[in-house]
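Right, one structure below, let's go through it.
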Amino acid sequence: MGGLSMNEAFVQAPEHRPKPTVVEASGIPVIDLSPLLAGDGVDALAAEVGAASRDWGFFVVVGHGVPAETVARAAEAQRAFFALPAEGKEAVRRSEAEPLGYYASEHTKNVRDWKEVFDLVPRKTHVALADGQLVFDNKWPQDVPGFRESLEEYDAAMEDLAFKLLELIARSLNLRPDRLHGFFKDQTTFIRLNHYPPCPSPDLALGVGRHKDAGALTILYQDDTGGLDVRRRSDGEWVRVKPVPNSFIINVGDLIQVWSNDRYESAEHRVSVNSAKERFSMPYFFNPASYTMVEPLEELVSEENPARYDAYNWGEFFSTRKNSNFKKLDVENVQIAHFRKSLGA
Ligand code: OGA
Ligand code: NI
């Protein structure tokens, strides 16, 4: 069951609770990337990705070239990990000094999420900060055979896909195809394994509270249970993203919003839970080097369309987010809105 028991820490304010009726998201673009594998149709695909990023901030990809077995092995490792007895998970629990591994106490906007997670990085990652250095190093569970190998294989496949998507996004903004690649030389990418156990009060709690992803791109695997809700741009309604077999859900994060100078917008989303069935998902958060100064790209800034954000340091932003979450600071988490310039007037 994941050892969670319902209490007031999980209860969302009334205006943020899920409604009893679910609205299925019709119209979220489903983009078939198979023309890329054949080496043609790049411009048409870039146009589709651009329209989806502008209108939804979310899209589904199929024909992406990631082998089904790679996904199945990673998903199997994920299930086996969360099925471990409590001691097995405790052995790889994260701490403030070692931020990767297992934990079940994440808060989004200071309300506890109904989930347990395991975080890992593709490679040991150093984040240099004004006041020192953070090192992200993996903890590997001992009792799950093949865990490390399956996730390393999954990561390699995700990285390939992430760079393809990055190229399509660059093309869609009329930039050089590799314009954004340089930011990812020393990436701070991480993978999160999410387990949402059945919840006795799905009307009060959320698996993940409403939020926007802070990084560049998120590539999400979800199982066939369903529960990801996106706030639809046209009317502000929460709509459910229906699981599509052999697909990934892509969302553009805050960094692409800033780089694109608001041509694309990072969409708000959340996870609803249910009382009958556990759910598994695996987001791959594609993030740039910690020393990246994030600001609108100069090609997308002009006199008529001035920069809408002040530059900020990605590493500081990222670690403040992680830290405020860890300590459950009683403040609104840091948001890109803090860097928005006040224009006009
Ligand atoms: C997240 C997230 C969605 C899901 O972890 O940031 O939005 O379906 N997850 O688990
Ligand atoms: Ni998210």
- Return yes when Thr108 is among the polar types (S, T, N, Q), modelled with pLDDT under 95 and over 27 Å from Arg321 (Cα atoms) and no when it is not. no
- Task: Taking Tyr284 as the residue in question, decide whether it is within 16 Å of ligand 1 (Cβ to nearest atom) and either crowded, with 23+ Cβ neighbours inside 10 Å or among the basic types (Lys, Arg) (or both).
- Result: yes
- With criteria (1) in contact with a helix residue (DSSP H, G or I) (Cβ under 8 Å, 6 or more places away or on another chain); (2) surrounded by 14 or more Cβ atoms within 10 Å (Cβ to Cβ); (3) modelled with pLDDT under 95, Val144 comes up short on (3)
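Quick check: anything in the stretch 42-55 assigned to a loop (DSSP other than H, G, I, E, B) and buried (at least 19 other Cβ atoms within 10 Å of the Cβ)? Lay out the reasoning, then the answer.
From the stretch 42-55, those assigned to a loop (DSSP other than H, G, I, E, B) are none; that's our starting set.
Checking the stretch 42-55: not a single residue is assigned to a loop (DSSP other than H, G, I, E, B) and buried (at least 19 other Cβ atoms within 10 Å of the Cβ).
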- Please work out which one of (1) under 18 Å from Lys212 (Cβ atoms); (2) at pLDDT 95 or above; (3) not aliphatic (A, V, I, L, M) is the condition Arg321 fails and give its number. (2)
- Message: Filter the stretch 136-155 down to the residues that are not in a helix (DSSP H, G or I) and not polar (S, T, N, Q) and list them by number.
- Response: Phe136, Asp137, Lys139, Trp140, Pro141, Asp143, Val144, Pro145, Gly146
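Scan the stretch 102-133 residue by residue and report those that are on the phi > 0 side of the Ramachandran plot and crowded, with 21+ Cβ neighbours inside 10 Å.
Residues of the stretch 102-133 on the phi > 0 side of the Ramachandran plot: 109-110, 132.
Passing the criteria: none in range.
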- Task: Kindly indicate the residue of the stretch 242-255 that is surrounded by 21 or more Cβ atoms within 10 Å (Cβ to Cβ) and under 24 Å from Lys19 (Cβ atoms) and also farthest from the chain's Cα centre (by Cα) among those meeting that condition.
- Result: Ile249
- Per-region count, the stretch 256-281, residues buried (at least 20 other Cβ atoms within 10 Å of the Cβ), more than 12 Å from ligand 2 (Cβ to nearest atom) and part of a loop (DSSP other than H, G, I, E, B): 5
- Query: Which pairs have Cβ atoms under 6 Å, sit 6 or more apart or on different chains, and link a residue in the stretch 195-212 that is of a type in the set (Ser, Thr, Tyr) to one that is more than 13 Å from ligand 2 (Cβ to nearest atom)?
  - Reply: Tyr196/Val273; Tyr196/Arg279; Ser201/Met6
- Scanning the stretch 282-293 for residues that are within 16 Å of ligand 2 (Cβ to nearest atom) and part of a strand (DSSP E or B) gives Met282, Pro283, Tyr284, Phe285, Phe286
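Mind telling me which of the residues Arg192, Arg176 ends up being charged (D, E, K, R), without any contact (Cβ under 8 Å) to a residue 12 or more places away in the chain and closer than 24 Å to Ser53 by Cα? Full working, then the answer.
On the way: Arg192 fails: without any contact (Cβ under 8 Å) to a residue 12 or more places away in the chain.
Unique residue meeting the criteria: Arg176.
Yes or no: Arg192 within 12 Å of ligand 2 (Cβ to nearest atom), buried (at least 16 other Cβ atoms within 10 Å of the Cβ) and within 23 Å of Asp155 (Cα to Cα)? Spell out how you get there, then give the answer.
On the way: within 12 Å of ligand 2 (Cβ to nearest atom): yes; buried (at least 16 other Cβ atoms within 10 Å of the Cβ): yes; within 23 Å of Asp155 (Cα to Cα): yes.
Yes; evaluated as a whole, the condition is true for this residue.
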- Message: Given the criteria charged (D, E, K, R), more than 30 Å from Asn246 (Cβ to Cβ) and away from ligand 1 (no atom under 16 Å from the Cβ), does Glu69 qualify?
- Response: no
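Which residue is nearest to ligand 2 (Cβ to nearest atom), if the candidates are limited to the stretch 200-223 and must be farther than 22 Å from Met293 by Cβ and of a type in the set (D, E, K, R)? Reasoning before the result, please.
Within the stretch 200-223, the first condition is being farther than 22 Å from Met293 by Cβ, and the residues that meet it are 200-211, 219-223.
After this cut, where a residue has to be of a type in the set (D, E, K, R) as well, the list is 203, 210, 223.
On the way: Asp203: 21, Arg210: 10, Asp223: 16 Å.
Looking at residues that are farther than 22 Å from Met293 by Cβ and of a type in the set (D, E, K, R), I get Arg210.
The values are calculated or read from the model by the stated rules, or taken from the named source; none is laboratory data. It should be emphasised that the depicted structure is a prediction, and the values quoted were computed from it without experimental measurement. Heads up, the Cβs are rebuilt from the backbone with ideal geometry, glycines too, and the neighbour counts pull from every protein chain shown.
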